[in-house]
Amino acid sequence: MRHGDRIDQFEPLWTLQAARPWDPPLMDDGKIRAWTTGRRLRVSQLGFRIHRVTAKEVVSALCARCENEASLLALQSSQGVPIDPSAVKVSIEFGLCEVISSQTIKVDWATKDGIWFPDVSELEIVLPAGTVDHSVWQVYHELPLWEEEMGEARKRYKKVILALADKYPNENLLLVTHGEAVGVSVAAFLEGFDVAEVDFCAYSHLQRKISYTNSGGLFVEPFKVLTKDGQNGISLYSL
């Protein structure tokens, strides 16, 4: 899922006073969009429930807007009742971060000291109490270097999706990330199509069958993309 509406796209002057102009948080409309998207998911648009009922992991990219979104999505799962920390877990994955290059971040906004984001512990403060899973396995332990190539970023997103799915084969994962990553989640697993546009809070739905061999090994089938053109905020085109 892509994060919600970011403040800098609707309040251009925000970047002039921001301490980290490359890391805009959600604006109020973006928070509302994230909350309502979480509500729709909770009432089983996907055919199963995320978070409280069946999902065990909400994995968020390392940035303010994705942290905002992950927090709101996790809170939506409670629907007015205390969150059960055993039913929904939130963690941060460096590999789901924005493409670290001038294609996505204006050069004059880029950090000069190499520190893109606050310490992970500071970001975790905004997440619902008891939901942060510090034991979760991370695919990437650090951010890409500045001027990451778009092709390498797309490979990174695909690697994270596959690695997390393999690590938690019996769990329904919700990955909160950026538009490019959502595009990869479709294009990398849907032959003959590419993604034209990914709206704020757009999300893709991937599914695969798993089984266990007699020796206890895991057998997984390739991912099937269930998202159609124009569905859930994603526009596709034929190659």
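Just so you know, all these numbers are worked out from the coordinates, no wet-lab data involved. These numbers were taken from a predicted model, which means no experiment stands behind them. So basically every Cβ, Gly included, is an ideal-geometry build from the backbone, and we count neighbours across all protein chains shown.
Neighbour counts of other C-beta atoms within 10 Å: give me 20, 208 arranged from fewest to most. Could the numbers behind the result be given before it?
Working: 20 16, 208 12.
So the ranking, lowest neighbour count to highest, is 208, 20.
When only alpha-carbon atoms count, how far does segment 164-236 stretch along each of its three principal axes, as whole angstroms with the largest first?
44, 25, 16 Å, listed from the longest principal axis down.
Can you pick out the pairs among 158/209; 155/224; 31/89; 89/167; 158/228; 106/159 whose Cα atoms lie more than 22 Å from each other?
Details: 158/209 18 Å; 155/224 18 Å; 31/89 20 Å; 89/167 15 Å; 158/228 19 Å; 106/159 26 Å.
Violating the 22 Å Cα-Cα cut-off are 106/159.
With an 8 Å cut-off on Cα pairs and a minimum separation of 6 or more residues, tell me the relative contact order of segment 145-239 in percent.
Across segment 145-239, relative contact order equals 25 percent.
Using a 10 Å cut-off around each Cβ, can you sort 212, 203 from fewest to most neighbouring Cβ atoms?
212, 203
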